[in-house]
Amino acid sequence: MADPLPPAAKVEVSGRRARRRNARKGKVRPSAANDTPEVRSPGGKPHATSAAPRENDRAGASNGSRRSGGSSTPDSRDTAVRSFAQPRQQRQAYAAIDLGTNNCRLLIARPSGENFTVIDAFSRVVRLGEGLAQTGRLSPEAMERTLGALRVCADKLMRRNVYLARSVATEACRRAENGTAFIERVRQETGIALDIISAREEARLAVLGCHVLLEEGMGPAMIFDIGGGSTELVLIESTDTVPRILDWQSVPWGVVSLSESCGEEGSTHEARLARYQHMHRLVSESFASFARRIQPARESAGSAGPLRLLGTSGTVTTLASLHLELPQYDRSAVDGLIVPASAMRAISSRLSSMPIEQRRELACIGRERADLVVAGCAILESILDLWPAGRLGVADRGIREGILRSLIAAHGYGGERYRLADRP
């Protein structure tokens with residue numbers, strides 16, 4: 001049975017400014033948004049252009065997909081959105097917010113055929129999940145950093161006259177004892193109504209946002225998303241028209257959660273290497289049941305040709321930048337790149353024992369990510385063990401793009417050529 005996409009929700013903008021804007025536009029004050037069902041969809045990554053990937057996004061007239069026909073059409077439940085008194089305009093803007101364990105990201109776009117054109121974007125490292133592994137709670141400092149970023153997002157939503165938006169929160173808010181209370185505080189202070197989505201929906205949104213970059217071919221392929229608090233793996237089947245989700249797995253290891261669980265870096269080469277091997281072992285053990293389940297698909301895919309693998313995360317875009325020896329991060333050079341898996345392993349091995357001071361000096365890593373990239377490398381190597389492809393596709397897109405595709409398609413743009421579905 002096909003797995004339906006969740007309903008979209010309009011971002012609330014509270015206060016006098018919202019009332020004035022609604023009066024100017026003739027909008028009816030919306031009722032509360034429907035709750036989001038526990039369905040996950042893989043989604044978007046930032047359109048970063050700075051030296052540190054994803055830290056500061058730049059708006060640009062870029063298509064949401066490199067290949068034509070990249071839209072996904074959700075089912076009727078996706079239309080359960082707040083209605084407005086005025087008819088839909090052709091140039092209306094749609095927005096997606098992805099609040100992760102490490103980053104807060106916003107993307108605003110307008111429909112453009114079966115794709116979309118980005119008109120504004122924002123990304124900031126907020127480290128919402130900092131300390132969560134030890135305390136089980138979001139810290140006051142992390143919440144304040146995140147609220148600051150979300151206030152920027154709320155301002156952009158209003159200035160860009162966004163017609164419809166969906167905002168989601170992932171692993172940090174799922175795990176934290178005070179996650180729900182923080183979501184309510186965000187709504188009261190910024191007007192942004194965040195949905196805490198399930199791991200399944202997170203995986204599905206990521207796939208929806210990036211699967212168009214998967215190498216051509218038929219049969220099973222693997223798409224993964226290394227986040228701050230969790231990692232999602234999705235086994236899909238390519239067909240002539242519609243990729244289908246065959247199986248998926250989410251584990252509670254992301255670059256933040258794994259780094260914090262494994263303690264401080266050692267002061268010697270041997271200590272750093274031992275910590276890295278411990279990380280690799282933890283992640284591989286968490287993948288074990290999924291690896292057994294997908295073994296027949298892996299063998300089937302291998303007999304039909306080279307294994308296909310696509311990754312969307314700061315880890316893979318950072319390592320791809322190092323592979324290209326870029327002086328600073330360049331999304332146009334990285335998004336859609338195909339890299340030999342052996343090269344990614346070699347870079348991971350080099351970073352795993354490198355002192356943090358040296359990692360900070362690498363332009364495409366920067367100071368904010370230098371302590372997290374090692375955990376990302378350990379997760380990536382575990383994935384390459386599980387799905388030993390010779391080449392790795394790199395995507396600088398994911399949950400946000402997946403949200404935008406579902407919103408735009410639900411309101412009459414695009415076609416049904418790339419609707420994701422689970423196999424019956």
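Values as computed for the structure displayed
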{"item": "In order through the stretch 147-164: 3J(HN,Hα) via Karplus (6.51 cos²θ - 1.76 cosθ + 1.60), integer Hz, x for Gly, Pro", "result": "4, x, 5, 5, 5, 4, 4, 4, 5, 5, 4, 6, 5, 8, 6, 5, 7, 8"}
{"item": "Ranked packing of 296-302, 261-267, 103-109, most packed first, by mean Cβ within 10 Å", "result": "103-109, 296-302, 261-267"}
{"item": "Estimated translational D of the stretch 284-423 in µm²/s (Stokes, Kirkwood radius over Cα pairs; 20 °C; 1.002 mPa s)", "result": "127"}
{"item": "Ordering of 268-275, 283-290 by burial proxy (mean other Cβ atoms within 10 Å per residue, highest first)", "result": "283-290, 268-275"}
{"item": "³J(HN,Hα), Karplus 6.51/-1.76/1.60, whole Hz, each residue of the stretch 278-285, x for Gly, Pro", "result": "5, 4, 4, 5, 4, 5, 4, 5"}
{"item": "Förster-model FRET efficiency, 30 Å R0, GLU299 and GLU216, C-beta, rounded to 0.05", "result": "0.90"}
{"item": "Globularity ratio of the stretch 131-210, using Cα Rg and 2.2 N^0.38 Å", "result": "1.17"}
{"item": "Segment GLU264-GLU177, extension gain: residue separation times 0.36 nm, minus the distance between their alpha carbons", "result": "28.8 nm"}
{"item": "Long-range amide H partners of VAL126 with built H, under 5 Å", "result": "ASN103, CYS104"}
{"item": "Contour minus Cα-Cα distance for GLU368 and GLU144 (0.36 nm per residue)", "result": "78.9 nm"}
{"item": "Long-range amide H partners of SER198 with built H, under 5 Å", "result": "VAL39"}
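Computed from the coordinates by the stated procedures, all read-outs in this text should not be read as laboratory data. Not measured: the values here are computed from a predicted model. Using ideal geometry, Cβ is built from the backbone for each residue, glycine included, and neighbour counts are taken over all protein chains shown.
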